[in-house]
1. Taking interchain pairs and intrachain pairs at least six residues apart, which have beta carbon atoms under 6 angstrom, with the first residue in the stretch 133-150 and in the same structural domain as G162 (by TED's automatic domain parsing) and within 19 Å of T193 (Cβ to Cβ) and the second crowded, with 18+ Cβ neighbours inside 10 Å and not hydrophobic (A, V, I, L, M, F, W, C)?
2. For the stretch 447-488, give me each residue that is in a helix (DSSP H, G or I) and in contact with a Gly (Cβ under 6 Å, 6 or more places away or on another chain).
3. Only one of (1) on the phi < 0 side of the Ramachandran plot; (2) surrounded by fewer than 21 Cβ atoms within 10 Å (Cβ to Cβ) fails for D273. Which number is that?
4. Confirm whether V468 is within 22 Å of the chain's Cα centre (by Cα), closer than 16 Å to T287 by Cβ and modelled with pLDDT of 95 or more.
5. Using the structure shown, decide if E337 is closer than 26 Å to W427 by Cα and surrounded by fewer than 19 Cβ atoms within 10 Å (Cβ to Cβ).
6. Which pairs have Cβ atoms under 8 Å, sit 6 or more apart or on different chains, and link a residue in the stretch 256-269 that is more than 17 Å from P488 (Cβ to Cβ) to one that is of a type in the set (D, E) and not in a helix (DSSP H, G or I)?
7. With the requirement that a residue be surrounded by fewer than 21 Cβ atoms within 10 Å (Cβ to Cβ), at pLDDT below 95 and part of a helix (DSSP H, G or I), what does the stretch 372-399 give you?
8. Exactly one of (1) surrounded by fewer than 23 Cβ atoms within 10 Å (Cβ to Cβ); (2) closer than 16 Å to S480 by Cα; (3) out of contact with any helix residue (DSSP H, G or I) (no Cβ under 9 Å at 6 or more places or on another chain) is unmet by A281. Its number?
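The values are calculated or read from the model by the stated rules, or taken from the named source; none is laboratory data. Every value quoted in this text rests on a predicted model; they were computed, and no experiment measured them. All Cβ positions, even for glycine, are placed from backbone atoms using ideal geometry, and neighbour counts span all protein chains on display.
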Amino acid sequence: MHRQDNARPARSFRSARLAAIGGVAVAALALAGCAGDGGGGTSSGAPDENAVLTVGLVLEPKSLDIRTVSGAPLEQVLIDNVYQGLVTRTPEGDIDTVLASDYEISDDSLTYTFTLREGVKFQQGGELTPSDVVSSLEYARDTPGVVEGETLAGATTIVADGNDIAITLVEPDANFLWNLTGRAGLIFDEGDTTDLAVATNGTGPFTLGSWIQGDSISLDRFDGYWGEQAKVAEVILKYIPDFTAGVNAMLGGSLDVLTAVDPNLSSQLDGTDGITLTYGATTDKGTLAFNNTRAPLNDPRVREALRLAVDHEAIIAAIGAGSALYGPIPPTDPGYEDLSSLVPFDQQRAKELLKEAGQENLSLTLTIPNFYGTTVSTVLVSMYNDIGVTLKVNAVEFNTWLEDVYTNHDYELSFVLHVEPRDFGNWANPEYYFNYDNPQVQALYAEAMASTDPAEVDALLAKAARIVSEDNAADWLYNSETVTALRPGVTGFPVDSINARINLANVEVATE
């Protein structure tokens, strides 16, 4: 089931409650994964096929092993550009064929048959075969530690018959085709001994040029690519974790594109030296996570109080872009429902709930990756102070966050942007770092995934999401909007969801 919604999230500046805080710098990026064509930028010259495109990004991966290392930085640059699967996803939620030239789904929705595209080569010279597909998918399904490998658990058999690959499920899975567009669906050269932590060997339009850790990754056009050639010879992905430094680099001429522009700094770029800005829709959910099993957050009254204390419109005004979100499903995903009525801004009621819970002098720690800046945490400190809660801020390196919060669940409150579309399954997984365990939600999610009726899937997910919000399992502060700056001559750069994936194959740079 796919839903198309290209509407740009409303930009909200309605509340001036925290005007004094609004000027503090903020970041808007990533945890975990949408690729697609783009149309950003303007050009009046002819495309230069020998051009080098320099793109400013925020988060650098700690390893290139996309099979075993979590986090959006790998998906953002490697999927669609270096690695490919049988199918891929578009920012609009559609599914396109890639290494499969076609596919069919049986009437009972249990068997997916893919016809493998011919003439495809891996970047180190091997030819793509049906056996590569079978071994890649079986490895992802059967090997502990493969990121998203569990999404293929229902595939009981994966077999090749000539140039066709048939995948049979134990039961219908509404998300199965979508799951194949993720990491578990990527295809690797069987028997390849490449050290994927520092090198790559995919089938995409770009090969890995170099990785200068702490600085940049370069991608070179793959001349042996099976499809239409990339339109630039090289892409240099420059990692600039400081948002002001990124703006200065763009103004100084060392970047052609700057992603994740801080909305509070965007006016410095717009129109300067011909620079243009694009505003893109995302599935990025600014999530204030509660550790649901750690006291006093295991008390639903405390969680509700913390949500009632948050003025969502004030947060959006402070960060400068985005739209309100009161539940775990964003507007572009199946199951979305406006849940704003569940959590009105009511600090007096928040105080009453804390008193009922015996937590009138509560002190909590917010663990937040340091690249997000200080706006969100500063606003939350102020709002919680208004209800008598002391919020201590622990800003850490992203890798530390992954280890302490994401892996070890060692935190009280945390904030991160969850960028992956259709990730509601996290709330049906009691082992996820939220530590949220509701059997009713799990049953509804399982029922939704087993349905072959899109309308039923939508209704079941909406019902489950409402329960999660009613349980106050977290607070969803906003659905972010992504801002990208483009130098004159750059066209085709993706507009939407680029915090998750950036398909660079159609980007052009015009000659001056």
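1. A140/G149; V146/R67
2. If the condition is that a residue be in a helix (DSSP H, G or I) and in contact with a Gly (Cβ under 6 Å, 6 or more places away or on another chain), then D458, L461, A462, A465, S469 are the ones that fit.
3. All conditions pass for D273, except number (1).
4. So V468 passes the test.
5. The answer is yes for E337.
6. P263/E481
7. Scanning the stretch 372-399 gives a single hit, N399.
8. (1)
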